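The block underneath contains the structure these notes are about, expressed in structure tokens.
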Amino acid sequence: MANKELQYQEDEIDLRQLMCILLASKKLIVVTTVIITLLAGIYAFTKTPVYGASALVEIGKYKTHKDTISLDLAPKLANKLNVVFASSTTDNGTNRGTITEISASAVNTHINITAQALSNEAAAQKINELVNFIKTGHQQDLDKIKRQRELEIQNSINNIDRKINKIIDHNLSKVETNIEHFFSIELASIDRKIDFIKKTQLPDLTLKIKLFTQRIEKAEETLKQNYQNLKALESTPVLAFLRLTEIQFLENEIFEHRNRIIDLKTTKSELSITQLKDLEDVKTKLMQIKLPQLESEKNLIENDLQTLVSEIELLLLEEHHYKNSAIVGEVATSDTPIKPKKELIIAVAFIAGLMLSTFLVFLLNAFKRPEDEKAAA
């Protein structure tokens, strides 16, 4: 316990002694601290301010009918730019600006760029120079890709054109020929037969039936008169015989005409009921079955052609799906310079001055001679 109290008293004496030393040299401490703080303030307020700018750059891309492809990967591009612009990290007092950071963003299709310069305009110009460098390289890549893609597109279009020409020359031409043959040969032949029956044969049979009917009527009228005259000729056997012969001839003629009318009506009925109906049935089947089949076949071929034409249109539209790298929005700047940070410099200088002056006091006190200490006491 005695040792602890003794140690405590010694520590208390040391602290009192240190405080006395500091208080005795307070002028030196204050003057040194003020001088260092003033010098730092002069430096901070006379140092040329440096402004910063930043930008988010979207890496260029192009689209195909299947996918969207980026021109570069953000980490790879950032590493490349850091190597290329490594010599630009110092400004050497010029107003051209420097690139301070190039990094890939969280989105793998963007990179972050920051720059410093003596003005916002110079910092923004430095970023634009870097972006133009990126755009120039990517534009060359785009031009190469575009030429290659255009060649692929042209080859694809040529292949599709050959398919279209083949379909037109063979399939479409064949079905159109079949449709033309259907209308000009098959259907026309049936129509001619139907017209011939309706306009020629049936009217001719009707006319013949009418003619034979008139002949029968005339023969019956003559036969009736002969029967009436036969009674008057009973006294003249020769004339009666001649009259009977004439009557028999007229009866035979009437019989033949009636048989002829029956044959004509039978023929007319066969034409109307059988042949004409069969022809119309054939025409109906052709119109309802064969023609729709031909038209359906033609429509399928035309749909195939339209599909091929649509493929050509899609290939041609791909020419508009190219985008170079560009800044997203605008280069971000601030009216407040990023350095020197005046308040921080002055605060650090004040603390550093205080610490340096305190260290200087203790250092000077360590080299004091005992006589000086007694005189001071």
Report task. Scan segment 192-207 residue by residue and report those that are within 16 Å of GLU270 (Cα to Cα) and not hydrophobic (A, V, I, L, M, F, W, C). Result -> LYS193, ASP195, LYS198, LYS199, THR200, GLN201, PRO203, ASP204, THR206
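Within segment 43-73, can you find the residues that are hydroxyl-bearing (Ser, Thr, Tyr), more than 17 Å from the chain's Cα centre (by Cα) and surrounded by fewer than 18 Cβ atoms within 10 Å (Cβ to Cβ)?
First, pick out the residues of segment 43-73 that are hydroxyl-bearing (Ser, Thr, Tyr): 43, 46, 48, 51, 54, 62, 64, 68, 70.
Filter once more, so that each one left must be more than 17 Å from the chain's Cα centre (by Cα): 43, 46, 48, 51, 54.
Result: TYR43, THR46, THR48, SER54.
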Query raised in the report: Any idea how many residues of segment 115-159 are closer than 14 Å to GLY52 by Cβ, of a type in the set (A, V, I, L, M, F, W, C) and part of a helix (DSSP H, G or I)?
Result: 4
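Considering only segment 103-117, state which residues are of a type in the set (A, V, I, L, M, F, W, C) and modelled with pLDDT of 85 or more.
Within segment 103-117, the first condition is being of a type in the set (A, V, I, L, M, F, W, C), and the residues that meet it are 104, 106-107, 111, 113, 115, 117.
Once the filter is applied, which keeps residues that are of a type in the set (A, V, I, L, M, F, W, C) and modelled with pLDDT of 85 or more, segment 103-117 yields ALA104, ILE111, ILE113, ALA115, ALA117.
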Requested in this report: Scan segment 177-193 and report the pairs whose first residue is closer than 16 Å to PRO292 by Cα and whose second residue is among the acidic types (Asp, Glu), with Cβ atoms within less than 8 Å and a gap of 6+ or a chain change.
Outcome: ILE179/GLU295
**Report entry** Matching option when the condition is at pLDDT 85 or above, touching an Asp or Glu at 6+ places or on another chain (Cβ under 9 Å), assigned by TED's automatic domain parsing to the domain that holds LYS285 and closer than 27 Å to LYS277 by Cα, among ILE194, ILE261, ILE216
**Finding:** ILE194
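So in segment 310-348, with the set limited to residues that are surrounded by fewer than 13 Cβ atoms within 10 Å (Cβ to Cβ) and among the β-branched types (Val, Ile, Thr), which one is nearest to THR64 (Cα to Cα)? Spell out the reasoning first.
Quick first cut of segment 310-348, residues surrounded by fewer than 13 Cβ atoms within 10 Å (Cβ to Cβ) only: 310, 313-314, 316-317, 319-320, 328-330, 334-336, 341, 343-344.
Okay, now just the ones that are also among the β-branched types (Val, Ile, Thr), so 328, 336.
Details: VAL328: 23, THR336: 45 Å.
The residue in question is VAL328.
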Requested in this report: Residue by residue through segment 15-59, note down the ones that are closer than 20 Å to PRO340 by Cβ and without any contact (Cβ under 8 Å) to a residue 40 or more places away in the chain.
Outcome: LEU38, ILE42, THR46
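Taking LEU276 as the residue in question, decide whether it is over 30 Å from GLU220 (Cα atoms), touching a Phe, Trp or Tyr at 6+ places or on another chain (Cβ under 9 Å) and part of a helix (DSSP H, G or I). Steps first, answer last, please.
On the way: over 30 Å from GLU220 (Cα atoms): yes; touching a Phe, Trp or Tyr at 6+ places or on another chain (Cβ under 9 Å): no; part of a helix (DSSP H, G or I): yes.
In short, no.
The values are calculated or read from the model by the stated rules, or taken from the named source; none is laboratory data. Fair warning: this is a prediction, and the values are worked out from it, not measured in the lab. Because the Cβ atoms are built from the backbone with ideal geometry, glycine has one as well, and the counts that use them run over all protein chains shown.
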